[in-house]
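Every number in this text was worked out from the coordinates using simple rules, so none of it is lab data. These numbers come from a predicted model, not from an experiment. Heads up, the Cβs are rebuilt from the backbone with ideal geometry, glycines too, and the neighbour counts pull from every protein chain shown.
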């Protein structure tokens, strides 16, 4: 009976590497270091807290064992951020949501009103600047930092500048570098209009910041770029009577020379504002993110 027990113990010791476990060493027995290292290598290495936090912030993947890795992936439309903006298009707001890791969808709208009064070529002008726009863009983060490129589109371009003028009788002014005097009995009135291109326009910006940054709720984002709004159009209309030393006083609509000067003045202004078809974009926004949801992804 004792002989059978000793034989069974010897068999278990010899078969232990094939069975996937190691028997405890007997008294006075030396442990094989190669066998001990191969057994421990089969167990996965649990990541520490610092690695898990780094993965949560999107800085690096963490590992499980020798071949298996884990990272956190941002789910589409899993959270939202809102912000206020200030820029060349006026004051407005923005809304952002993720499409995937390192890619956000952003919507915004801006508005601005301003009423300047200026004098140009002796003509007093009461202006009204009305900026209105709505846009959408995709923020793409090619690197680990906050730098992004953002192709987009202007969904609505309602920007417009208008002005009116009243030239008192006896006051001198010029049209197309020709001097005129407003008639005392029928003074000159004028109307100006500038439409800033088409309603829809492609845009492209780049900048720094991320409204959906994982490590903080409050964010700051700045964007630079251009939008192609198309050719702006300037319109000039005038009524009343003008007086010249040679011809006396004549209604503007009845004087071919004055009408030709008005048409040339309109063409000159339209040519001067041609560069505005590439309207600049410069915005700074302060936003707040509401929560963040991620999913775990494994790969080998």
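I'd like to check something: does region 184-197 contain any residue that is touching a residue at least 60 places away in the same chain (Cβ under 8 Å), over 24 Å from residue 115 (Cα atoms) and in contact with a strand residue (DSSP E or B) (Cβ under 7 Å, 6 or more places away or on another chain)?
Yes: one or more hits.
In this structure, is residue 128 without any contact (Cβ under 8 Å) to a residue 24 or more places away in the chain and in a strand (DSSP E or B)?
no
Tell me the strands (runs of 3 or more DSSP E) entirely within region 165-259 that contain at least 3 residues that are under 46 Å from the mean Cα position of the chain (by Cα) and surrounded by 17 or more Cβ atoms within 10 Å (Cβ to Cβ). Even if it seems obvious, please write down each step before you answer.
On the way: elements: 172-175, 178-182, 188-195, 201-208, 218-228, 233-239, 241-244, 248-251.
Ranges flagged: 188-195, 201-208, 218-228, 233-239.
Does residue 125 satisfy the criteria of being surrounded by 15 or more Cβ atoms within 10 Å (Cβ to Cβ), more than 26 Å from residue 289 (Cα to Cα) and more than 11 Å from the chain's Cα centre (by Cα)?
Yes: the conditions hold for residue 125.
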